[in-house]
Amino acid sequence: MIIDVHAHYDDEAFLNDLEDVMARLKEENIIAISSSSSIESSKENIEIAKKYDNIYITVGIHPHEAKDAPNDFEDALFELARFEKNVAIGEIGLDYHYDFSPRDVQRDVFVRQIEVAKVLNLPIVVHSREAHKDTLDILKAHAIGKIPVLIHCYSGSVEMSRILRKHGIYISVGGVVTFQNAKKLVEVVKEYPLELLMLETDSPYLTPHPHRGKRNDSTYLKYVIQKIAQIKEVSEDVVIEKTTQNAKNFFGIK
């Protein structure tokens, strides 16, 4: 079994052939966690998870959507999060690259969602882009030592990854690690312990080499596995075994 801990199967890119994609995942013994970006997206993911037994979900509000979050979004989030195949609150966090939502709003919505996760005793899946200091400050104040934390599609420095590692924070790695210009991420993966690593695709985005530019899906994880095995000088089986166990433990998947 392989677990893709971060995909977006509610994305319109899968509107016309989701059933075929899900069948391919099942053939290859892949479980995927479809991550939400808004209250509406969370509802869509619940419907997908009801239909496909190899799909789990996370519910949450992405920083891009923070500006549109209802004042009382926690009420809806509590209800959605109790869905039996929901395994975390996410993706939540900060994005200072695009700044689609004001930064103070991003921070407020991030913290409030962490508080929901703490009440429900759920892990969080964090999006952090060009906001690593503020992300870490919020995690230190509200999450670390209280609930498990995964930073998906890690894009920070080697130095920041060393701090995360000390706090027992998981990171997930996807197709970017196969890109020719991914020197920084290769160094991070080389140092980061396998015990704190997970696999992701961020489908339909960030398709790994040699299929870059095409729509991504969880069957392309094999290229990420190959690259991580090469970087860490272990077998692909070891990468699969360790990352799958990490995901099972983190998300409570049996």
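What are the extents of the Cα atoms of the chain along their three principal axes, in Å, largest first?
Between the extreme Cα coordinates on each principal axis of the chain lie 47, 42, 33 Å.
Please compute the contact order of the chain in relative form: average sequence separation of alpha-carbon pairs under 8 Å and at least six residues apart, divided by the residue count, as a percent.
18
Describe numerically, in nm with one decimal, the distance between label points set 7 Å from Cα along Cα→Cβ at K43 and at E130.
Result: 3.3 nm between the two label points.
Assuming 0.36 nm per residue, please report the length gained on full extension of the stretch R103 to E236 beyond their Cα-Cα distance.
Length gained between R103 and E236: 43.9 nm.
Ignoring ligands, DNA and RNA, please state the percent of accessible area on the range 108-254 from carbon and sulfur, probe 1.4 Å.
50
I need the shape label for the range 170-254. Rule: rounded when a/c is under 1.5, else prolate if a/b > b/c, else oblate, with a, b, c from the alpha carbon gyration tensor.
It is oblate, given that a/c is not under 1.5 and a/b is not larger than b/c.
Rounded to whole Å and sorted largest first, what semi-axes of the equivalent ellipsoid does the C-alpha gyration tensor of the range 1-94 yield via the square root of 5 times each eigenvalue?
24, 13, 11
Excluding residues fewer than 8 places away in the same chain, name every one of the aspartates and glutamates whose C-alpha is closer than 16 Å to that of K166.
Result set, ordered by chain and number: D137, E191, E195.
Using helices alone, I'd like the mean residue ellipticity at 222 nm for the chain: each DSSP H run of four-plus residues gives -39500 (n - 2.57), total over residue count, nearest 500.
Here the helix-only value at 222 nm equals -13000 deg cm²/dmol.
To the nearest 0.05, how large is the calculated FRET efficiency for K26 and H211 if R₀ is 25 Å and r is the Cβ-Cβ distance?
0.75
Solvent-accessible area per residue for the chain at a 1.4 Å probe radius, Å²?
45
What lysines could a cross-link reach from K43, if we take a straight Cα to Cα line under 29 Å and drop same-chain neighbours fewer than 8 places away?
Answer for K43, where 29 Å is the Cα cut-off: K26, K51, K67, K85, K118, K146, K214, K248, K254, listed by chain and number.
If the chain between E12 and V119 were fully stretched, how many nm would it gain, using 0.36 nm times the residue separation less the Cα-Cα distance?
Fully extending the segment from E12 to V119 adds 35.3 nm.
On the protein heavy atoms, probe 1.4 angstrom, tell me the percent of accessible surface of the range 1-48 carried by carbon and sulfur.
Result for the range 1-48: 45 percent of the exposed heavy-atom area is carbon or sulfur.
The values are calculated or read from the model by the stated rules, or taken from the named source; none is laboratory data. Just so we're clear, the structure is a prediction, and the values are computed from it rather than from any experiment. Every residue, glycine as well, gets a Cβ built from its backbone with ideal geometry; the counts of neighbours run over all protein chains shown. Calculation scope for accessible area: heavy atoms of the full protein, side chains included, ligands and nucleic acids excluded. Shrake-Rupley method; radii C 1.70, N 1.55, O 1.52, S 1.80 Å.
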